[in-house]
1. Looking at the range A:119-215, what helices (runs of 4 or more DSSP H) fall wholly within it and have at least 2 residues that are of a type in the set (Lys, Arg)?
2. Just name the residue that is surrounded by the most Cβ atoms within 10 Å (Cβ to Cβ) out of those in the range A:40-93 that are among the aliphatic types (A, V, I, L, M), away from ligand 1 (no atom under 11 Å from the Cβ) and part of a helix (DSSP H, G or I).
3. Count, please, the residues in the range B:31-80 that happen to be at negative phi, of a type in the set (Lys, Arg) and outside any helix (DSSP H, G or I).
4. Taking the criterion of being modelled with pLDDT of 95 or more, within 20 Å of A:Ile92 (Cα to Cα), surrounded by fewer than 21 Cβ atoms within 10 Å (Cβ to Cβ) and assigned by TED's automatic domain parsing to the domain that holds A:Leu37, would at least one residue in the range A:272-284 satisfy it?
5. Could you list, in sequence order, the residues of the range B:152-187 that are of a type in the set (Ser, Thr, Tyr) and within 13 Å of another protein chain (Cβ to nearest Cβ)?
6. Which residue, of B:Asp143, B:Asp139, B:Asp181, is touching a His at 6+ places or on another chain (Cβ under 7 Å), open to solvent by 40 Å² or more (accessible area, probe 1.4 Å) and assigned to a loop (DSSP other than H, G, I, E, B)?
7. For residues that are touching a residue at least 24 places away in the same chain (Cβ under 8 Å) and acidic (Asp, Glu), scanning just the range B:81-109, find the one that is nearest to the other protein chains (Cβ to nearest Cβ).
8. Can you say whether B:Ser59 is under 22 Å from the mean Cα position of the chain (by Cα), at pLDDT below 95 and hydroxyl-bearing (Ser, Thr, Tyr), as far as the supplied structure shows?
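The values are calculated or read from the model by the stated rules, or taken from the named source; none is laboratory data. As the structure is a prediction and not an experimental result, all values here were calculated from the model. Note that each Cβ is placed from the backbone with ideal geometry, even for glycine, and that neighbours are counted across all protein chains shown. Side chains included, ligands, DNA and RNA excluded: accessible areas come from the protein's heavy atoms. Shrake-Rupley method; radii C 1.70, N 1.55, O 1.52, S 1.80 Å.
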Amino acid sequence: MSAAKFSNPVVRWIDHRLPVFSMLDHTANEYPTPKNLNYMWNFGSLAGLSLVIMIVTGIVLAMSYTAHVDYAFESVERIMRDVNHGWLIRYIHMNTASFFFIVVYLHIFRGLYYGSYKAPRELLWILGVVIFLLMMATAFMGYVLPWGQMSFWGATVITNLFSAIPLVGESIVTFLWGGFSVDNPTLNRFFSLHYLMPFLIAGVVVLHIVALHRFGSNNPIGIDTKGKQDTISFHPYYTIKDIVGIALFLLLLAVAVFFFPNAMGHPDNYIPANPMQTPAHIVPEWYFLPFYAILRAVPDKLGGVLLMFGAIAILFILPWLDRSPVRSARFRPVFRIFFWLLFIDAIALGYLGGKPAEGIYVTLSRVATAWYFLHFLVILPMLSVFENTKPLPKSISEPVLATTVAAE
Amino acid sequence: MAKSTSNSKSSSSNGMQEPARRDFIVVATYAMGAVGAGAVAWPLIDQMNPAADTLALASTEVDVSKIAMGQAITVTWRGKPVFIRHRTPDEIARANAIDGAELRDPQEDEARVQRPELLVVVGVCTHLGCVPLGQKTGDVKGDYDGWFCPCHGSHYDTSGRIRRGPAPTNLEVPPYSFLSDNVIRIG
Ligand code: HEM
Ligand code: FES
C-alpha cells in the first residue's frame, strides 16, 4: 500500500497526505475475491446503486415537495404535471424503491442459500438485517408523503401496531403522531425522517462493507479461499461482471418507469387522503405483504404484532439457529429442499397478504406463518444435527482442476 | 487483555483505598454525564408529543334531534370520526339481549349510553385504527348488525362492542354531555 505505486505525481502527493487512492486501490485491485462467484453475487452492488438513485432523485423531489396535509397531494401532482421532468424523477423514485426491495430480497435469499450468515460473517449478516429494517422504515415513511388514501391509512394502521404494547402503547402512538390521529405533525416528522434515514443506511452500508472485507466474499461452494490460486482481483473481473448486472437492472428499471410506472403501486393512492373514510380494501406496498400476512394470521392484536416483528427478529439469530458447519446448500441435500420450501412459503405469504382477511385466505396465512417459524426454529436446528452433508472439495480450484483433468 | 490485568494488579498493590475512591469518582462522573445527556435529550424527544395547540383542540357540538330513528351520522372530533346512531328499539333490545360480562371486553350496554336510543362512539377500530363500515345505508354492518371493519375483519354489535375479529376492545365512548335536550357536546 505504498504511494509509490501511482505514477501520477499529483495522485502521489495527495495520497501521501490523504490515502484515499491507496484505499481505492486496496478495495479494487488488491482485494482478493473468490474466483467462482456467480451472478447471485451481483445484488450487493445493485443494492448500492439503488440507494444512490433513491438519494439523488429524493433530494431533487424534496425541492418541489410540500410537507403539509393541505398541500402535499397537490405538490406531488404538480411534480407530475408542471415541474420539468418531475414525472420522470418521481417515477424513478417510486419504481426504484420497488426494485431496491426486489434486489435486497434476492440478496438475502442468496445469503440463505449459500450460508453466508455463518461464522465468521455473523456481524456482516446482522448489519444486513439492520439495513433491511431501516429500508422498511424509510419506504414506509416515503409512501406516506404523497398523502393519498393508502398513504394515510397505511400510516394509521402501521403506527397503531405500537398500541398493542401493554400499558405504554397508547402513549407511544400519540408520541409518534404528535396528536390524536395521523395528521400534519405526523406528515412533517415523517418527511424529516424520510430525508434522514437513507443517510443512516449509507452509514450502515459502510460498516457492512468493512465487515465484508475482513474475510472477503463467501462463494457458491461455501468453503474458505485457500490462497492465490482460489482468488482473482476485484478489478477488472468483478467490476465488469457487476456492470453487466447494472446494465440489465437499468434496462428493466427503464421498462418499469416508462411503460408500467404504476404497476407496483396502488391506484387508491391517487385519491387524496380522507381521515373519515377507510378504503374498502387496504394493502401495504407489495414488499411488506409477507409480513402483513403474518400480522393478520393471528386473531390476537398483540400476538399478531409480536409475530410480525418476530419474523424479522429471527433473522438476527439465524447464525446460531443453523449450526451446520457446511455453508453452501450445494452440499446440503435436505437443507436445499427446505430452502426452496421457505422460498415458496415467503411468496405464498406475499400473495396472501394482498388478499382480504377472510375464509380460506386466513387459514392458508396461518399455515404459511407456522411454516415460516417452523423452518427457522425447528427445521434448521434439527438439520444441523441430522443431515448427512456431501463431502466438500478441498479447495475452490480443486473441482475445476478435476474436471479439466478428466476432460483431457 | 494481558495489559489490563497487569494494570489492575499494580493498582491493587498500591493499596486498596486509592482505587476504591477513584472508582467512586469515575462512576459518579459517568452518572452525572448520563444525567446531563438525558436532560439534553429530553426536550429533543418530548417535542414529538402533541403541541399545546393540538392539545387545546376544541370540542364538537352536535344537534342530535335531526337524526331520524335508524339513521347514523359521522362528526369529527380531535381529527377522528365519531359515530352517532339513533338506535331502533330492536337494536337496543339486541344490545341488551346478551350478558355483557361474557364479552371479550366486558361491558353492559347501559354503561355505554346516556340515553338508550342515542349511541355515541369514536369511529376508530380498536385494532389498528381503520374506520369501520356501517354508517351508511347499504354498508356491510357485520354479523352483529353494528359495524364491520374491513381492514382485518372486526365485527361490532349494536352497542359498538367487539364481538369477533382481532380488535381487543369495544369502540371507545368519548366523553360527552347534553347541553340541552337536542344538543350534545363531545370532548
Ligand atoms: C432508502 C432510500 C429511499 C426509499 C426506499 C424511499 C422510498 C420512497 C417511497 C416508497 C416514496 C413514495 C413514492 C410515491 O408513491 O409517490 C417516496 C417518496 C418521497 N421521497 Fe423517498 N425514498 C428514499 C430516499 C429518499 C431521499 C434520500 C429523499 C430526500 C429528501 C427522499 C424524498 C422523497 C420525497 C420528497 C417523496 C415524496 C414525493 C413522492 O411521493 O414521489 N426519498 N420515497
Ligand atoms: S383495523 Fe379494524 S380490524 Fe384491523
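1. Details: elements: A:122-144, A:149-160, A:169-177, A:184-215.
So the answer is A:184-215.
2. Looking at residues that are among the aliphatic types (A, V, I, L, M), away from ligand 1 (no atom under 11 Å from the Cβ) and part of a helix (DSSP H, G or I), I get A:Leu46.
3. Result for the range B:31-80: 1.
4. no
5. Start the filter on the range B:152-187 by keeping residues that are of a type in the set (Ser, Thr, Tyr), which leaves B:154, B:156, B:158-159, B:169, B:176-177, B:180.
Of everything in the range B:152-187, those that are of a type in the set (Ser, Thr, Tyr) and within 13 Å of another protein chain (Cβ to nearest Cβ) turn out to be B:Ser154, B:Thr169.
6. Of the residues listed, the single one that is touching a His at 6+ places or on another chain (Cβ under 7 Å), open to solvent by 40 Å² or more (accessible area, probe 1.4 Å) and assigned to a loop (DSSP other than H, G, I, E, B) is B:Asp143.
7. B:Asp105
8. yes
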